[in-house]
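Reading through the structure tokens given below for one structure.
The values are calculated or read from the model by the stated rules, or taken from the named source; none is laboratory data. None of these values were measured; they are calculated from a predicted model. Backbone-built Cβ (ideal geometry, glycine too); neighbour counts: all protein chains shown.
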Amino acid sequence: MWPGGGPVPPGGPVPPGGPVPPPARSLARRLLAPVATLAGVAAAFAYVGTVDPNEPGHYPVCPLLRFTGVYCPGCGGLRSAHAFVHGDLPTALGANALAVVGYGLFGALMALWLIRVLRGVPMRLAISPVRWWGIGVVLALFTLVRNLPFGSALAP
């Protein structure tokens with residue numbers, strides 16, 4: 001029992017003015033994770049933009065394509081990123097349309113993350129199992145269609 005009556009709440013007694021919020025982190029500390037993520041992605045895109053994946057010998061071949069002749073959902077992703085960096089959207093879409101959609105989703109999530117950090121609101125990205133299954137179905141359908149004759153426009 002504690003002086004306020006009843007059992008002691010978990011974590012100890014609550015001060016008279018209510019619970020004390022945790023100390024606020026500085027803006028620079030909150031910006032560290034999103035800025036580091038952006039820097040890493042920017043460095044990867046800069047490398048792919050500089051080292052052309054259309055020239056043989058710079059990157060490994062997709063093992064699924066090499067051993068089975070089947071395009072995976074990521075096949076053409078490096079060529080897509082290279083074209084995207086150089087501002088050639090039609091070529092980027094032709095190499096891997098799903099990757100270009102992914103670049104847009106990544107950009108939107110990064111903008112949301114940065115806005116939330118600036119407002120002091122934590123970023124929580126929780127994806128339900130149903131949505132994970134949905135993502136898997138989209139990837140499987142993309143893979144299937146791009147390997148069929150009528151979906152050859154989606155092949156890299």
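For segment 145-155, how many residues are surrounded by 13 or more Cβ atoms within 10 Å (Cβ to Cβ) and assigned to a helix (DSSP H, G or I)?
4
Which one is farthest from the chain's Cα centre (by Cα), of the residues in segment 30-54 that are exposed (fewer than 13 other Cβ atoms within 10 Å of the Cβ) and not in a helix (DSSP H, G or I)?
Asn54
From the list Gly94, Gly57, which one is surrounded by 11 or more Cβ atoms within 10 Å (Cβ to Cβ) and either more than 29 Å from Arg30 (Cα to Cα) or of a type outside the set (S, T, N, Q) (or both)?
Result of the check over Gly94, Gly57: Gly94.
Give me the pairs: first residue in segment 78-91 and more than 10 Å from Asp52 (Cβ to Cβ) and of a type in the set (D, E, K, R), second residue modelled with pLDDT under 95 and outside any helix (DSSP H, G or I), beta-carbon distance under 9 Å, and six or more apart or on different chains, which are they?
No pair meets every condition.
Just to be sure I understand the filter: pairs with C-beta atoms under 6 Å, separated by 6 or more residues or on different chains, first member in segment 140-156 and of a type in the set (S, T, N, Q), second member modelled with pLDDT of 85 or more. Which pairs pass?
Listed pairs, sorted by first residue: Thr143/Pro73; Asn147/Val70; Asn147/Tyr71.
Which one of these is in contact with a helix residue (DSSP H, G or I) (Cβ under 7 Å, 6 or more places away or on another chain) and closer than 24 Å to Pro56 by Cβ: Leu78, Leu114?
Leu78
Among the residues of segment 55-76, which ones are over 23 Å from Val138 (Cβ atoms) and either part of a helix (DSSP H, G or I) or in contact (Cβ under 8 Å) with a residue 12 or more places away in the chain (or both)?
Listed by number, the residues that qualify are Tyr59, Arg66, Phe67.
State all residues of segment 81-136 that are over 17 Å from the mean Cα position of the chain (by Cα), among the β-branched types (Val, Ile, Thr) and outside any helix (DSSP H, G or I); if no residue qualifies, say none.
Within segment 81-136, Val121 is the sole residue that qualifies.
Got a sec? Which of Ala81, Ala39 is at pLDDT 65 or above and farther than 30 Å from Ser152 by Cβ? Give the steps one after another, and end with the answer.
Working: Ala81 fails: farther than 30 Å from Ser152 by Cβ.
Result of the check over Ala81, Ala39: Ala39.
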